[in-house]
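**Student:** A single structure is presented below for examination.
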Amino acid sequence: MKKFVLICFVLILGVVESFTYHEKELESEAGLEAMYDRWRAHHNVKEKSEERFNVFKYNLQHVHKTNKMDRPYKLQLNEFATMTNHEFVQTYGNSKIGHKMALSPPRKLKGGYACPDFQYANATDLPKSIDWRLRGAVVPVKSQGPCGSCWAFATVAAVEGINAIRTGKLVSLSEQQMIDCDTDGRNEGCGGGIIEDVFTFITEKGGICTDASYPYEGHQHFCDPKKV
C-alpha cells in the first residue's frame, strides 16, 4: 500500500503539463503567494483559498526537497499541485477492479476463457531490463481527467506498445472507443472496468481505432459506428 501511495504522489507532482519556479520565490511568503497566483494563471485555476495555498506550499516543499537529492528523476509542479495525495488517490486512483471482478465471472472467448496461462517463449541471453520509451514503444503521457477510465488507458497502452514492437510504428490508440463501445460485460465507461475484458473486446472486434479517428473526450457517449 505504501508503494502504491508513493507512486500516486509522484504522479501528482511529476506528470502532465509542468510549471517552473525560481529559488528566490521560496525565500518569502510574498514570493510563495506570487508563485501560487502565477501557477493558478498558468493552469487557469479560479479557486484561491488559504487551504489550497497551504497544500500548494506542502507539495512545493516536497518537489524542491526531492530535486535536491541524487535521484534518477526530477519532479515539477503540475495541475494537481493543490491536491493532497489522499484527494488525488480518491479522485484518480480509486480502482474498482477487485469489486467488479468479484461480482461476475470472466468473459469467454470462443474456445475458452480470456487470459489463458502465460507461457515464456524459448529465449536466452535476455537483458536485465529494457526501457521501451527509448525504443519508441511508448506514446507521450495521456490524462484520463476525472473519468474513471484507467482500465481503458492501461489496456490501450499495452496494445500501443506491442503494436509498436511488432510493426516498428508507434500509433496512439483510442481509449474513448473502449469507453463508448465496450459496454456488454463488466466495463462501465467512466464508472470503471476490467482490463482483461478490453483485450477480449479488441480480439473479438478485430482491432481498435486510432486516437485521431476516435479522440478522447473524458465522458461516455453512445458507440459511434462512423468513427469505428
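The values are calculated or read from the model by the stated rules, or taken from the named source; none is laboratory data. Here the structure is a predicted model, which means the values were calculated and not measured. Cβ: placed from backbone, ideal geometry, glycine included. Neighbour counts: every protein chain shown.
**Student:** Of the conditions (1) at pLDDT 90 or above; (2) surrounded by fewer than 15 Cβ atoms within 10 Å (Cβ to Cβ); (3) over 24 Å from Asn78 (Cα atoms), Pro225 fails just one. Which one is it?
**Tutor:** Looking at each condition in turn, Pro225 falls short on (1).
**Student:** Kindly provide the set of residues from region 49-67 that are over 10 Å from Thr82 (Cα atoms) and in contact with a helix residue (DSSP H, G or I) (Cβ under 9 Å, 6 or more places away or on another chain), ordered by number.
**Tutor:** Result: Gln61, His62, Val63, His64, Thr66.
**Student:** (1) surrounded by 15 or more Cβ atoms within 10 Å (Cβ to Cβ); (2) at pLDDT below 90: which one isn't true of Gly111, the others all being true?
**Tutor:** Only one criterion is unmet by Gly111, namely (1).
**Student:** What is the number of the single condition among (1) part of a loop (DSSP other than H, G, I, E, B); (2) modelled with pLDDT of 75 or more that Trp151 does not meet?
**Tutor:** (1)
Yes/no per residue for (1) within 23 Å of Glu87 (Cβ to Cβ); (2) in a loop (DSSP other than H, G, I, E, B); (3) in contact (Cβ under 8 Å) with a residue 24 or more places away in the chain:
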| residue | (1), (2), (3) |
| --- | --- |
| Thr155 | no, no, yes |
| Glu160 | no, no, no |
| Leu170 | no, yes, yes |
| Met178 | no, no, yes |
| Glu196 | no, no, yes |
| Gly207 | no, yes, no |
